[in-house]
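Accompanying notes for the structure given below.
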Amino acid sequence: MSTPAKSENVCAGCRSRKKKCDGTRPSCASCIKRGDLCLYSALAPTSQAAADQNAWIAGLDLSDSSQLQPQIWDPAVLPIQAPAWDDPNQWLNLNPETAPLNMPFPHDSSEVDGLPTPRNSSSPRDATSPRGVDTLPDVHTFLDLVDIFFERLYPFVPVIHRAKLEERIKSNGIGTIPTCLILAIAAVTASSHPDQAVQHRQKTWFIDAKTHVTRQLHSRDHAIQSLQASALIIYQAIVTNDFSTTWMLLADAWRKAVATGCSQFDSGRRVNSIPAFGANFGGDWIEKEEVRRVIWMLYMYDRGTCFSVGLVHAIDDRRLRVNFPMPDSLFQACTVSSEEPTVKDPIRFTSDIGETITAVQKHCRRRTASMHQLLILSYILLGDIGELMHAVDFDYEKHDSELETYISHLIRIRLMLPNSATDLSAAAYEDFPCVLWLDFVLTACTVTLHHRPLKNGETLGGPSSLATHWPHCVAAARNSVSMIRQASRSSAQLVLNAHIASLLFMFSRILIVEYYCPSNSKKGAATGGDDGSHSPKPTRDPSLREDLEVLALTFTRLRDGIGSVGSKFYKGFAYWVTEGPRLAQEGKALGSLTLLHTCEKWPVVPLDLDIDIP
């Protein structure tokens, strides 16, 4: 029989269960058996050392709150691993001779971050110590940032209930909000704050947010909030071209969702989960709806980042059992005390895309489908198309029937969409950004399916599968440019969406190719082509030139409005316009799988290069 541990060496789990603890570190036998995290209070020093160590308390005026740091005991602000020792177990065996404990307690938060605790040793992944609480925005600034988030960014990352968040802040301050979520909201919104001092803190907040959320994903506390923070940080990583964070954090967040049972949230049966990762949903319907929203946001990130460069999906949807989120008109209209809105026949996801389309179509007929639900459906289609076409054994002839099936799905989706989802004049103002976004995703589906490569022996001027399908690519791309024109009549802000940058660039290349290499052009006089040859120069469509001018202005707006990702695609567009006469025929002949590449394969183009459409 093991000897019971002394009271100062009992883990938090055994103490709360009022069970005997053997005091084994890093995990006691009881916690190992239960599969729980084993957390200890800070190691108790000798009585004399403890008295010397805590002598500073006697001189502290407890009535003066300025001497205290209320959040100093929050484990979220402490580092994962003690930086002062190579072996994290060494600090368990300290003695006063080798490491005196009678040092004064540090008041500087940067020193507090270096204090080791047993909890920190449980997640050794991140060796970077997060900064202290002094890096957090104050309450008033944070409320401003929350307002900015819901006014400008919420349509693109709709994972947070506004009334619930604001009520918690106004009732209890930001101390009850997980640090990772505070920093994530600050990181994605600071650039839009009118105060330049706040804008200058964005980079620091983003770095700290990545550190905190990576650590929080390995904790059982604040499971849902850590997923929400991940969704926000991934968006900011896209904005800043931090692709490694986008991809790796997406994978971590998804594994957290799987471990906590969120990925099968609406399966209707008990789901196996790992208690060490938390996620106790209780009876809060708002939190349950936030789970659905953050899961689908991760799904959209996964499909949106993979289709363009041919990466294997991080999210396997064969075991995904999460209903589509309820419309925002219901979700955001409720307060914390409101009862859960009744949603008739919620849209259930299945791995059969035909069944999912049918479920959404029922809501379209009743005019109850939301833009968010339609966007999710479009990303399901985009992901399935990408998964087929980027498969190792994919062949256009071999998989022609599958391609035709997806074309049928695309046609069906386009025809079932309500007018409010395809025409801004019929849409609600708050839906404008998503209407534009939905159009771009469907255009990307069209281009991916219809831009076929030339086969051996075929030419651009002769009959081919490319010649048959190419007009659909051009028509879809020009329709999207028309949508940009329509949206810009009210505001150019609608295009400042990091999700659409790659989609926009994809169909822009279609129009560049069509402009320099028209499919049905009348040949002009044999005055020489753009490449210096004496071949007849095709007559260019002036209306297509106007479309390219609109796209040039749009990419300029992206460059100036959403940071590095806008600059990247501005340079890509400028390069292809400049090199269009030389590269148009080659780009047209190679097919859709070459329209986008990973960034390192792109040519270097000056950011201030003027885009001149010849």
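Quick look at the numbers
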item: Matching residues, region 386-396, being in contact with a Ser or Thr (Cβ under 9 Å, 6 or more places away or on another chain) and part of a loop (DSSP other than H, G, I, E, B); result: Y396
item: Residue under evaluation S267, criteria (1) polar (S, T, N, Q); (2) modelled with pLDDT under 85; (3) not in a loop (DSSP other than H, G, I, E, B), criterion not met; result: (3)
item: Number of the condition not met by G383 [criteria: (1) assigned to a loop (DSSP other than H, G, I, E, B); (2) within 28 Å of the chain's Cα centre (by Cα)]; result: (1)
item: Odd one out for S480, checked against (1) more than 25 Å from the chain's Cα centre (by Cα); (2) surrounded by 23 or more Cβ atoms within 10 Å (Cβ to Cβ); (3) of a type in the set (S, T, N, Q); result: (1)
item: Residue, nearest to the chain's Cα centre (by Cα), within region 169-214, restricted to residues that are charged (D, E, K, R) and within 22 Å of I238 (Cβ to Cβ); result: K210
item: Test for L496: is it within 22 Å of T594 (Cβ to Cβ) and modelled with pLDDT of 90 or more; result: no
item: Residue list for region 148-187, filter: over 22 Å from L217 (Cα atoms), among the hydrophobic types (A, V, I, L, M, F, W, C) and in contact (Cβ under 8 Å) with a residue 60 or more places away in the chain; result: L153, F156, A163
item: Answer residue from region 317-338, given it is in contact with a helix residue (DSSP H, G or I) (Cβ under 8 Å, 6 or more places away or on another chain) and more than 23 Å from V271 (Cα to Cα) and is surrounded by the fewest Cβ atoms within 10 Å (Cβ to Cβ) among those; result: T335
item: Among (1) assigned to a helix (DSSP H, G or I); (2) more than 11 Å from the chain's Cα centre (by Cα); (3) farther than 14 Å from I315 by Cα - the single one L232 does not satisfy; result: (2)
item: A314 vs. criteria more than 23 Å from L227 (Cβ to Cβ) and surrounded by 14 or more Cβ atoms within 10 Å (Cβ to Cβ); result: no
item: Exclusive hit being among the acidic types (D, E), modelled with pLDDT of 95 or more, under 30 Å from K455 (Cα atoms) and surrounded by fewer than 14 Cβ atoms within 10 Å (Cβ to Cβ), set E404, E355; result: E404
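The values are calculated or read from the model by the stated rules, or taken from the named source; none is laboratory data. Everything numeric in this text was worked out from a predicted model, so none of it was measured. No Cβ is skipped: glycine too gets one built from the backbone with ideal geometry, and neighbour counts run over all protein chains shown.
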